[in-house]
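Visitor: Input: one structure, supplied below.
The values are calculated or read from the model by the stated rules, or taken from the named source; none is laboratory data. All values derive from a computational prediction rather than experimental measurement. All Cβ positions, even for glycine, are placed from backbone atoms using ideal geometry, and neighbour counts span all protein chains on display. Just the protein is used for accessible areas: all its heavy atoms, side chains included, with ligands, DNA and RNA removed. Shrake-Rupley method; radii C 1.70, N 1.55, O 1.52, S 1.80 Å.
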Amino acid sequence: KVLYPVIERLGLNARLAPLLGSSAPLPSAITYRYLVETMLRVESQRSSSLIEINVYAQDPRLGADIANEIARTYSADRIAVATSDQSEGLAQLRKELAAQEGVVSRQRDAVANQVRRETEWLGRKESAQRRKSRSRIGEAADGLAHGVVSHLNAGARALGIREGDRVQGVVDALISRA
């Protein structure tokens, strides 16, 4: 995972071929085995992602190139793994958030429907109460009007006004006698 990209990027198949007596580039598997068995010693620190890379080469520049490229490749791989884990975690959190938003939406809709039903019920109850109140007011007004007419008729009879006379005449007669 780390060494094969290093072999590719640094062209180690061709660069290490003369060390093994070959004029043609080596197959990547042979270059890999030669690096691991002869040139490299990699140690990881306990409870850490730090590694110690030692490269043994006759050409110091080649050794430094290999060590630095291994470090860059390893670092990029660790970052990719961490990013992948974070991306998976983030994707899972997004999925859970969507599910929770669905629950909240359904609950909000249920509450809105309940409020709508209760409002309609209260409206029907209020309408019935208004009709009942209007009916009572109407009955009271009818009773009051009947009482007023009865008193007026009694007053008219007492004054000697006949039943067929206009109401205005009754009122005028009552006022003039008062």
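Visitor: Out of Gln129, Gln114, which single residue is in a helix (DSSP H, G or I), more than 30 Å from Val2 (Cβ to Cβ), polar (S, T, N, Q) and open to solvent by 90 Å² or more (accessible area, probe 1.4 Å)?
Guide: Matching residue, one of Gln129, Gln114: Gln129.
Visitor: Filter the stretch 29-57 for residues that are acidic (Asp, Glu) and assigned to a strand (DSSP E or B); which is farthest from Arg9 (Cα to Cα)?
Guide: Glu43
Visitor: So which of Asp65, Asp77 is of a type outside the set (Gly, Ala, Ser), at pLDDT below 90 and in a helix (DSSP H, G or I)?
Guide: Exactly one residue qualifies, and that residue is Asp77.
Visitor: Let me ask something additional. When the residues of the stretch 36-68 are filtered to those that are without any contact (Cβ under 8 Å) to a residue 12 or more places away in the chain and of a type in the set (D, E, K, R), which remaining residue is surrounded by the fewest Cβ atoms within 10 Å (Cβ to Cβ)?
Guide: Result: Arg46.
Visitor: Applying the selection to the stretch 6-35, what residues are over 14 Å from Ala57 (Cα atoms), hydrophobic (A, V, I, L, M, F, W, C) and open to solvent by 70 Å² or more (accessible area, probe 1.4 Å)?
Guide: Correct list: Ile30 only.
Visitor: What are the residues in the stretch 69-82 that are under 18 Å from Arg9 (Cα atoms), open to solvent by 40 Å² or more (accessible area, probe 1.4 Å) and not aromatic (Phe, Trp, Tyr), if any?
Guide: Correct list: Ala71, Arg72, Ser75, Ala76.
Visitor: Got a number for residues in the stretch 51-78 being farther than 14 Å from Pro5 by Cβ and of a type in the set (A, V, I, L, M, F, W, C)?
Guide: 7
Visitor: Working carefully through the options Glu88, Glu96, find the one that is at pLDDT 85 or above, part of a helix (DSSP H, G or I) and open to solvent by 50 Å² or more (accessible area, probe 1.4 Å).
Guide: That would be Glu96, the only listed residue that is at pLDDT 85 or above, part of a helix (DSSP H, G or I) and open to solvent by 50 Å² or more (accessible area, probe 1.4 Å).
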